[in-house]
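Asks: Before we start, here is the structure in question, set down as structure tokens.
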Amino acid sequence: MLAVGCGASHVEATATAAGGSVRCAQVEGSVVFSPPLTATGTSPETVTVTAALSRCSTSGSAVRVTGGVATLTIPVHSSACAGLAQFPTSSGGVSTPTSSQALTIRTTWTPAGIEPSALHFTGFVVTIGPSGEVGFAFPGQNHSSTMSGSFAGQDHGALSTASVQTGRQAGQILSDCSGHAGLSSIPIDAGEVRFG
């Protein structure tokens with residue numbers, strides 16, 4: 001008897017960089033402070049932002065995006081609350097601060113097979129919503145963006161923007177930060193991103 005063995009070949013799936021641009025009209029997630037921010041914190045701080053992107057639509061692209069996950073890590077010199085003290089009030093008594101902290105948002109897309117995107121901003125600005133809720137806008141005035149991976153477009157992401165709202169007023173955030181346990185996280189309740 002002649003036995004013949006057949007081996008199945010395994011082909012690795014390769015992610016493809018998508019062209020065009022993508023807009024996601026819903027952003028939900030959290031900003032996590034490690035260690036928690038406190039009134040007298042002196043340790044180096046790591047701020048980690050994780051957000052789920054949904055209600056996404058593409059333009060000038062052959063792919064359809066149903067969602068994504070964006071992550072961002074920002075190293076900060078100190079875990080003290082003082083860095084939050086410059087938040088503007090809802091009455092407009094303090095001008096909106098602008099940060100020149102460069103950062104990169106890395107996004108993986110659904111469905112699988114779409115190459116991730118890396119969106120670099122040279123800064124951002126703190127915003128205050130109509131009800132006094134704190135938010136963040138990227139890149140902010142006098143700053144710029146560049147991008148690699150999917151949806152970078154011919155201008156390499158120069159027109160890319162992002163905005164998020166926390167749903168928390170500045171006074172609430174500062175009160176939590178000054179409490180005994182400190183401030184460990186802030187929820188992200190809404191937002192919008194445009195890549196490309």
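Asks: Would you mind telling me which residue in Pro44, Pro130, Pro116 has the biggest mean-square fluctuation in a Gaussian network model of the chain, where springs connect alpha carbons within a distance under 10 angstrom?
Replies: Pro130
Asks: Would you list Leu119, Leu183 from fewest to most Cβ contacts within 10 Å? Present the calculation step by step, with values, prior to reporting the outcome.
Replies: Values: Leu119 28, Leu183 22.
The order, fewest Cβ neighbours first, is Leu183, Leu119.
Asks: Listing Ser145, Ser57, Ser117, Ser184 from the residue with the fewest other Cβ atoms within 10 Å to the one with the most, what is the order? Spell out each step's value before the answer.
Replies: Details: Ser145 22, Ser57 12, Ser117 26, Ser184 15.
Lowest to highest Cβ neighbour count: Ser57, Ser184, Ser145, Ser117.
Asks: Follow-up. Measure off 7 Å from each Cα along the Cα-to-Cβ vector at Ala181 and Ser57, then give the distance between these two points in nanometres to one decimal.
Replies: About 4.1 nm, to one decimal.
Asks: Would you mind calculating the relative contact order of the chain from Cα pairs under 8 angstrom and at least 6 residues apart, reporting the percent as a whole number? Spell out each step's value before the answer.
Replies: Details: 521 pairs, mean separation 50.6, N = 196.
Reported relative contact order: 26 percent.
Asks: For Thr110, what residues show an amide H to amide H distance below 5 Å, using hydrogens built from the backbone and excluding near sequence neighbours?
Replies: Sorted by chain and number, the residues that satisfy this are Thr66, Gly67, Gly68.
Asks: Turning to a different aspect of this structure: Residue-wise, which Karplus ³J(HN,Hα) couplings in Hz belong to the range 110-122, taking 6.51 cos²θ - 1.76 cosθ + 1.60, θ = phi - 60°, and x for glycine or proline?
Replies: 10, x, 5, x, 9, 4, x, 10, 10, 10, 9, 10, 8
Asks: Same structure, new question: Sort the chain into rounded, prolate or oblate with this rule: let a ≥ b ≥ c be the square roots of the eigenvalues of the Cα gyration tensor; rounded if a/c is under 1.5, and if a/c is not under 1.5, prolate when a/b is larger than b/c, oblate otherwise.
Replies: Taking the square roots of the gyration eigenvalues as a ≥ b ≥ c, the chain is prolate.
Asks: For Ser43 paired with Arg106, estimate the spin-label separation in nm (one decimal), with each label point 7 Å from Cα along the Cα-to-Cβ line.
Replies: 2.3 nm
Asks: Karplus couplings for the range 176-184 from phi (6.51 cos²θ - 1.76 cosθ + 1.60, θ = phi - 60°), rounded to Hz, Gly and Pro as x?
Replies: Karplus values, whole Hz, x for Gly and Pro: 4, 5, 8, x, 4, 7, x, 10, 9.
Asks: Please report Thr73, Thr108 as a ranked list, fewest other C-beta atoms within 10 angstrom at the top and most at the bottom.
Replies: Numbers: Thr73 14, Thr108 18.
If I rank by nearby Cβ atoms, fewest first, I get Thr73, Thr108.
Asks: Right, something else. Ignoring everything except DSSP H segments at least 4 long, calculate the 222 nm mean residue ellipticity for the chain; use -39,500 (n - 2.57) per segment, divide by total residues, nearest 500.
Replies: Working: 1 runs with 9 residues, N = 196.
Roughly -1500 deg cm²/dmol at 222 nm, from the helical runs in the chain.
Asks: A follow-up question, please. Between Ser43 and residues 5 or more places away or on another chain, which pairs have amide H atoms under 5 Å apart, with H built 1.01 Å from N, and which residues are they?
Replies: Residues meeting the amide H criterion: Ser79.
Coordinate-derived values only; no laboratory data. Since the structure is predicted, the reported quantities are computational estimates derived from the model, not experimental observations. Don't worry about glycine lacking a Cβ; one is built from the backbone with ideal geometry, like all the others, and counts go over all protein chains shown.
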